[in-house]
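These notes concern the structure reproduced below.
Each reported figure results from applying straightforward, stated rules to the coordinates on display, with no laboratory input. Since we're looking at a predicted model, the values are computed, not measured. Neighbour counts are summed over all protein chains in view; Cβ atoms, including those assigned to glycine, are modelled from backbone coordinates with ideal geometry.
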Amino acid sequence: MYICDYRCKSRAVFLFLFIFLLFCIARLLYIQLFRSEYLAGIARKQHNAFVELEPRRGTIFDINLKPQAVNVAAESLYAVPNAISDSQKEHIIQSLMPILQVDRAYLKERLYRNKSFIWLARKLPPEQADAIRAMNIKGIDFIKESRRSYPNGYLGSHVIGFAGLDNTGLEGLELYYDAYLKGEPGWALVLRDARQKKLDLRQKMMMPRDGYDLVLTIDGVIQFFAERELQKAVEKYKARSASIVVMDPATGAILALANRPTFDPNSRSSDKDALRNRSVCDLFEPGSVFKIVTLAAALEEQRVSEEDKFFCENGAYKVGPHTLHDHRPHGWLTFREVIEQSSNIGTVKVAQSLGPEVIHRYVKLFGFGAKTGIDLPGEISGMTKEPRFWSKTTITAVPMGHEVGVTTLQLASAVSVIANNGVLMKPYIVAEIRDKYAQVIKEFGPVEVRRVISEETARRCRKILEGVIERGTGKMARIKGISAGGKTGTAQKIEPGGAYSHNKFVASFIGFAPVDNPQIVIAVCLDEPRPYYFGGVVAAPVFKEVAGAALKYLMTKQATRQGVDQPRQVWHEAQAAY
Amino acid sequence: MIKVHKFLIAVVAITSFAVLYVWQQTEIFRLAYAGQKKALLYQDLVDRNNYLRYNIERSASLVRLGNDVIEDKAFEMPAAYYRLVSARNPHRSLRAQQQMPQRESLVFRLFGIKRQAEAKTINP
């Protein structure tokens, strides 16, 4: 009886287990045959994560390969508001306020949102991130990102521009060459564990292509000289704004370009006015610096020679309904003296002998009224009028720099024509684009736009412009030991009603040095300087200081490149030459 | 009996293989975690190195030097090219100075003595 019971029970257990086994097998078969795709998909979603791999944004170097814009690692702070209790939120606010230097309302507004992820601060420097991490606060964490940083602060800020939070170029070269600088992001399929923590076991991946580096024609040292002297002039004469362009006349390479007001790209102010690159974006009536066009046209057309005399009407010359004035009355002046003394009446008489068509042709030949084609965003073309739209008095206005609108860069480009023996060069600011292995991807060099005047005319113009500094209105631009040529300009600004202002001026100076073989060309403009407003007083000293320092620097640099024992000799040769 | 033996051997083999496979997978993940930790540490060091380089670059920038040195101490660009020479032999040329370490190091290298310890920075 007992044995029979035992067998029955064991059979029952066996049968139960057998049925259970069959059920399991059936279930397994069902899962394997009918549900496998669905379940595998869920598993893949849980264990795999698609991650975008951020490319390195290209570095911007100056001509000496000193970095001007670099990437620095930064950590961004985020919170998980849904997972933090109210008391903890208060603790976080109290702890983060002094470190992040933000007000309580900002943090409170963010932490009390009904979200599972929110940024509290983006791209913090390591010191701040370490300080927060040391407090070991629950509910907040960091994500690594890269931050665009500019080691030289405001130096060349209008040229370099800046990139935004997402590392996209927003201004300057950062914007213009964004396609080269930003690179292409990659991606990777990584594993995730049960806690959703990423594990760096990449199943599939596409490496990101890092951005290309830019090598500029800008020389950081000359840029510094230009910025320093411009700042001094702006402070001394309380100018509203100012700009300076330093250029290599032989190639069109921009050596320095600066504007005031300026900004630090690391901590940009909300002042939109400071962000504008005035050298290429603002047009103004240039005044007497524009007389170089009449000078070159008169000599090239062989209508006038240096020693031809003009009667300057003792300072008052009636043309139509208007009376022209010189800033100082002159009687008979040679053409050379007309330019040296910047006589408006003398220049207008020369222009009248040339006629509107010739003047306009040379205005266009010198590149005014058209974009120079520089690789910077926002360049404007300036303003010139076709002769058919000229009034009877336009022939008295254009030769002395009125009724035309130009940019500082156009002025620098125009004076380069005289400095480099008569050829208009296309200004450029990027010398090379390189990959991260320093292989040159693209190279930019001098581009000749057209011949404007003959070599002989250019040489004669240089001699006359040298006289402007030696004997004329530009005496304050004289550089000790170095010959220089240039032209001063003082233009009345137009009031909103259309009349010329009597107390608002644009002071300017364009020049080159040394005269025989010009190495640099400089154009300086100051808007509304006070109390002095003459270009020869306000802008010429800026030229003198920048040109003097830059030439000494360039000679030292050249000497250093030529060899260790040669510098002294080269220096002596250079000084003897000047 | 032989069939049972074969069955047991097969079971043991399959079980061993399965255990080994699981162990291998576990090891892979354990090492991946350890490797990832080290990679993060390395990346952190590289980032800090970059940040230090950036700070050096910023400290050495002309804006800072210009404001701190040039304006305060009336610094001017040198009127002639000046060279630094050692105080012991002021007539020695720079080129001679540059060649000197090579000669010394050659002699000293024979005896396995270095002139001084040198620290090299590695570009990341």
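See the values below:
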{"item": "Residues A:L22, A:L189 arranged by fewest to most Cβ contacts within 10 Å", "result": "A:L22, A:L189"}
{"item": "Ordering of A:283-296, A:540-553, A:53-66, B:23-36 by packing [mean C-beta count within 10 Å, highest first]", "result": "A:283-296, A:540-553, A:53-66, B:23-36"}
{"item": "Fewest-first sequence of A:W187, A:W119 by Cβ atoms within 10 Å of each Cβ", "result": "A:W119, A:W187"}
{"item": "Förster radius 35 Å - calculated FRET efficiency between A:V102 and A:I441 (Cβ-Cβ, nearest 0.05)", "result": "0.25"}
{"item": "Coil-residue chymotrypsin sites (Phe, Trp or Tyr not before Pro) of region A:390-454, DSSP, other Cβ within 10 Å capped at 10", "result": "A:Y437"}
{"item": "Contour excess over end-to-end distance, with Cα ends at A:K309 and A:K138 and 0.36 nm allotted per residue", "result": "52.8 nm"}
{"item": "Prolate/oblate/rounded call for chain A, Cα gyration tensor, a/c under 1.5 rounded", "result": "prolate"}
{"item": "Reachable lysines, given that their alpha-carbon falls under 18 Å from the alpha-carbon of A:K442 and they are not under 8 places away in the same chain", "result": "A:K182, A:K426"}
{"item": "Overall form of region A:363-411 per C-alpha gyration tensor (a/c, 1.5; a/b vs b/c)", "result": "prolate"}
{"item": "Extension reserve of the A:A43-A:K557 stretch, reckoned as 0.36 nm per residue once the Cα distance is removed", "result": "178.6 nm"}
{"item": "Residue pairs, from the table A:K364/A:K544; A:K371/A:K436; A:K318/A:K493; A:K232/A:K436; A:K232/A:K493, whose Cα atoms sit over 27 Å apart", "result": "A:K364/A:K544; A:K371/A:K436; A:K232/A:K436"}
{"item": "Charge dipole (debye, nearest 20) of the protein assembly as shown; +1 at Cβ of Lys and Arg, -1 at Cβ of Asp and Glu", "result": "2780 debye"}
{"item": "Test item: B:43-55 mean partner chain Cβ contacts at 10 Å", "result": "4"}
{"item": "222 nm mean residue ellipticity, helices alone, for the protein assembly as shown (DSSP H n ≥ 4; -39,500 (n - 2.57); rounded to 500)", "result": "-13500 deg cm²/dmol"}
{"item": "Cα centroid separation - region A:188-260 against region A:370-425, whole Å", "result": "29 Å"}
{"item": "Tensor-based shape of region A:25-102 (alpha-carbon gyration tensor, a/c under 1.5 rounded, otherwise prolate or oblate)", "result": "oblate"}
{"item": "Sites A:R361 and A:Q302, calculated FRET efficiency, Cβ-Cβ separation with R0 22 Å, nearest 0.05", "result": "0.90"}
{"item": "Label-point separation in nm, B:S16 to A:H327, each point 7 Å along Cα→Cβ", "result": "10.2 nm"}
{"item": "Using a Förster distance of 30 Å, the FRET efficiency for A:R478-A:D273 (Cβ separation, nearest 0.05)", "result": "0.30"}
{"item": "Residues A:H47, A:H360 arranged by fewest to most Cβ contacts within 10 Å", "result": "A:H47, A:H360"}
{"item": "Inter-chain Cβ neighbour average for residues A:146-156, partner chain, 10 Å", "result": "4"}
{"item": "Distance in nm between pseudo-label sites at A:K318 and A:A131 (7 Å out along the Cβ direction from Cα)", "result": "7.5 nm"}
{"item": "Average beta carbon contacts from partner chains per residue of A:63-74, 10 Å cutoff", "result": "3"}
{"item": "Volume of the Cα convex hull of region A:67-197, divided per residue and given in Å³", "result": "152 Å³"}
